[in-house]
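S.K.: Take this structure, written in C-alpha cells, and hold onto it; I'll ask about it next.
The values are calculated or read from the model by the stated rules, or taken from the named source; none is laboratory data. Note that the structure is predicted; figures quoted are calculated from it, not measured. Every residue, glycine among them, receives a Cβ derived from its backbone with ideal geometry; neighbour counts consider all protein chains shown.
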Amino acid sequence: MLEKHTVITPIAVNDLENAIVFYGEVLGLKQISMQYPGAQFESNGGIIGIHQSPLAGSSLATCAWWMVDDVEGMVKTLKSKGIQFEKNYDLPHVSRKGGVYLLSDTQRAAWFKDPDGNVLGFGNF
C-alpha cells in the first residue's frame with residue numbers, strides 16, 4: 001500500500017533559515033515548497049522536509065541517507081563546501097580512509113552532520 005506513495009524524510013532543525021541555506025546551497029537540493037512548519041527539498045524523487053523543533057539534533061542515528069556512485073568524490077566535493085565528516089564511529093571490521101568508511105572491498109560510506117547536529121550519510125550500496 002505505502003509503496004505507491006512518496007516518502008518524506010522529516011528532519012528537525014533549530015534555525016530554519018540556516019537549514020534552508022545548508023540543504024539548498026551546500027547540499028544542492030532543490031527547494032520545492034516553503035510552508036508551515038518548514039520547507040521541503042527534492043532529492044532524486046525523494047523529499048527531505050525540514051521543520052523547526054526543540055528536538056533538533058537529538059538523535060544519534062542517521063536521519064537521511066543517499067545512495068551515490070562515487071563516495072570518495074562526494075566526500076571531496078562536500079569537504080570543499082566546508083562539510084566535516086564523522087571519524088569517531090567504531091564499526092567492527094571496518095576501516096576508515098579520511099572521511100570514508102571502507103565497509104568491504106567495494107562498499108563505501110560516509111557520515112556528516114547538518115548545522116543542527118543531525119546525522120546524514122551516503123554510500124554506494
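S.K.: Please enumerate the residues belonging to the range 85-113 that are more than 24 Å from GLY46 (Cβ to Cβ) and either among the basic types (Lys, Arg) or within 12 Å of the chain's Cα centre (by Cα) (or both).
M.R.: LYS87, ARG96, LYS97 - these are the residues of the range 85-113 that are more than 24 Å from GLY46 (Cβ to Cβ) and either among the basic types (Lys, Arg) or within 12 Å of the chain's Cα centre (by Cα) (or both).
S.K.: In the range 108-125, which residue that is in contact with a strand residue (DSSP E or B) (Cβ under 7 Å, 6 or more places away or on another chain) and outside any strand (DSSP E or B) is surrounded by the fewest Cβ atoms within 10 Å (Cβ to Cβ)?
M.R.: Residues of the range 108-125 that are in contact with a strand residue (DSSP E or B) (Cβ under 7 Å, 6 or more places away or on another chain), as a first pass: 108-114, 116, 118-124.
Add one more test, that the residue is outside any strand (DSSP E or B), and what stays is 114, 116, 118, 124.
Values: ASP114: 22, ASP116: 21, ASN118: 22, ASN124: 16.
Among residues in the range 108-125 that are in contact with a strand residue (DSSP E or B) (Cβ under 7 Å, 6 or more places away or on another chain) and outside any strand (DSSP E or B), the one surrounded by the fewest Cβ atoms within 10 Å (Cβ to Cβ) is ASN124.
S.K.: Another question about this same structure. If a residue must be touching a strand residue (DSSP E or B) at 6+ places or on another chain (Cβ under 7 Å) and surrounded by 13 or more Cβ atoms within 10 Å (Cβ to Cβ), how many such residues does the range 60-77 contain?
M.R.: Counting residues in the range 60-77 that are touching a strand residue (DSSP E or B) at 6+ places or on another chain (Cβ under 7 Å) and surrounded by 13 or more Cβ atoms within 10 Å (Cβ to Cβ) gives 10.
S.K.: Exactly one condition in (1) free of Cβ contacts under 8 Å to residues at least 24 places away in the same chain; (2) basic (Lys, Arg); (3) part of a loop (DSSP other than H, G, I, E, B) is false for LYS76; which is it?
M.R.: (3)
S.K.: Sticking with this structure for a sec: Can you name every residue in the range 1-36 that is in a loop (DSSP other than H, G, I, E, B) and either in contact (Cβ under 8 Å) with a residue 40 or more places away in the chain or surrounded by 11 or more Cβ atoms within 10 Å (Cβ to Cβ) (or both)?
M.R.: Within the range 1-36, THR6, VAL7, ASN14, ASP15, LEU27, GLY28, LEU29 qualify.
S.K.: Among (1) small (Gly, Ala, Ser); (2) buried (at least 16 other Cβ atoms within 10 Å of the Cβ); (3) at pLDDT 95 or above; (4) part of a loop (DSSP other than H, G, I, E, B), there is one condition GLY57 misses while meeting the rest; what is its number?
M.R.: All conditions pass for GLY57, except number (3).
S.K.: Is there a residue in the range 59-71 that is among the hydroxyl-bearing types (Ser, Thr, Tyr) and over 15 Å from the mean Cα position of the chain (by Cα)?
M.R.: So far as the range 59-71 goes, no, none of its residues is among the hydroxyl-bearing types (Ser, Thr, Tyr) and over 15 Å from the mean Cα position of the chain (by Cα).
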